[in-house]
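S.K.: Would you mind keeping the following structure in view while I ask a few things?
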Amino acid sequence: MYQDIIYNSNGSCSRNKTTRLPNTSSDICIYEIPFFQMTGASKIDCTEVTSGSTNVYPLTGQTEIVLDFTFTANTKSLTGDTELNFEIYKYNKDLNVFTQPSVYQSRTYIWNEFSGTSAFTTSIPVSNLKIDGDYLVKGYYNYNICTETLSLLGEKRSTAQFKSGDNYSLYKKDRDFHFVVFTAAETPFLNPARPISPELNAFTISSFIVNEEQIEYNIQTASSDYLVSLNGLTLSKNLDYSISSNTLTTVLKLSATTVPGDIITYAFLNS
């Protein structure tokens, strides 16, 4: 393409015409994404996470997860009517990624609502998270476009159109956060069973809780062989345990010591 014809192809233009240099300019708007820190969630830590970590929630009746947002960098990009939304994505253990769509979408927070403290607190209903699992928090901004024409038109753009990550499909270490929620395991309560007189050739089962570290225990005498289990796992005779009897007692001897709280179960045919 040409702007000015400076050659004479058919005799209608002056050859080697002198033209002025064109002047052009571009109007570019660069949005520096604000950064925030969080209480209630943290960066993904692949070294050690325990039930006592600040971003781990073993649920024992709670209905909400509390998250605190504190904005720490590029806050100059947060003008009066800048809008913030965040979404929570659940980790898919089969695919090893955080997957879309999100399991939770926040309401819209306007910068003027919390500009005085540069922070706000919100609660996430547990019922929205489809527990158990790992969860990712991603924030998005709806901001004014600062080019001259689009600014006069009052146009906005949202960073939510760019949903990507450096790890696990969506996780960006510099701006995203992570927490874990699971239902805490319930503690079983065991009461002594009412003794029942065994019938002839009846299958008898007995269990007891270990109170001390030891390997030998007195058990009921039977004329048949025994099935023995520890915490629900069946043990192997002569490898995991042995049984010896005399006229007075029968002794179960384990190949390793137990710990207080272990449950030993043995069964036999009474005849």
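Bear in mind these aren't lab numbers, they're just calculated from the coordinates by the rules spelled out. Just so you know, these numbers come straight off a predicted model, no measurement behind them. Note: ideal-geometry Cβ built from the backbone for every residue, glycine included; neighbour counts use all protein chains shown.
S.K.: From the square roots a ≥ b ≥ c of the eigenvalues of the alpha-carbon gyration tensor of segment 114-271, which class results: rounded (a/c under 1.5), prolate (a/b over b/c), or oblate? Before the final figure, lay out each step's value.
M.R.: Values: a/c = 4.73, a/b = 4.10, b/c = 1.15.
Judged from the Cα gyration tensor, segment 114-271 comes out prolate (a/c at least 1.5, a/b above b/c).
S.K.: Follow-up question, since we're still on this one. Let me test this: with uniform point scatterers at the alpha carbons of segment 35-183, what is the Debye-based log₁₀ I(q)/I(0) at q = 0.13 1/Å?
M.R.: Scattering profile of segment 35-183, log10 relative to I(0): -0.62.
S.K.: Here is a follow-up. Rg/Rh for the chain: what does it come to with C-alpha atoms and Rh from Kirkwood?
M.R.: Details: Rg = 35.4 Å, Rh = 25.8 Å.
A ratio of 1.37.
S.K.: Residues of segment 34-54 with amide nitrogen under 20 Å from the 7 Å Cα-to-Cβ point of Asn167?
M.R.: 35-54
S.K.: Once fully extended, how much extra length lies between Ser236 and Ser151, figured as 0.36 nm per residue of separation less the alpha-carbon to alpha-carbon distance? Please report the intermediate quantities before stating the final value.
M.R.: Details: separation 85, 0.36 × 85 = 30.60 nm, distance 7.80 nm.
Stretched fully, the Ser236-Ser151 segment lengthens by 22.8 nm.
S.K.: Another question about this same structure. Lysines near Lys163 by alpha-carbon distance under 21 Å, same-chain residues fewer than 8 away left out - which ones?
M.R.: Lys43, Lys90, Lys93, Lys138, Lys172, Lys173
S.K.: Moving to a separate point now. Among bridges DSSP assigns within the chain, what percent are antiparallel (round to 5)? Display every interim value, and only then the final one.
M.R.: Numbers: 60 of 65 bridges.
Percentage antiparallel, nearest 5: 90.
S.K.: Rounded, prolate or oblate: which fits segment 202-270, taking a ≥ b ≥ c as square roots of the Cα gyration tensor eigenvalues, rounded meaning a/c under 1.5, else prolate when a/b beats b/c?
M.R.: Prolate shape, in that a/c is at least 1.5 and a/b is the bigger ratio.
S.K.: Also: Return an integer: the convex hull volume of the alpha-carbon atoms of segment 43-127, in Å³ per residue.
M.R.: Details: hull volume 13.0 nm³, N = 85.
It is 152 Å³ per residue.
S.K.: Okay, next question. By the scheme Lys and Arg +1, Asp and Glu -1, what is the net charge of all other residues having a beta-carbon under 14 Å from that of Asn92?
M.R.: Details: positive: Lys90, Lys93, Lys130; negative: Asp94, Asp132, Asp134.
The answer is 0.
S.K.: Next question, about the same structure. What stretch of the chain, leaving out the sites themselves, is the longest with no GluC sites (Glu not before Pro) in a DSSP loop having at most 15 other Cβ atoms within 10 Å? Walk me through the numbers before you get to the answer.
M.R.: Numbers: sites that count: Glu32, Glu48, Glu155, Glu186, Glu199, Glu212, Glu213.
Between exposed loop sites, the widest span is 49-154.
S.K.: Something else about it: If the chain between Gln214 and Arg194 were fully stretched, how many nm would it gain, using 0.36 nm times the residue separation less the Cα-Cα distance?
M.R.: On the way: separation 20, 0.36 × 20 = 7.20 nm, distance 2.63 nm.
So the extension gain works out to 4.6 nm.
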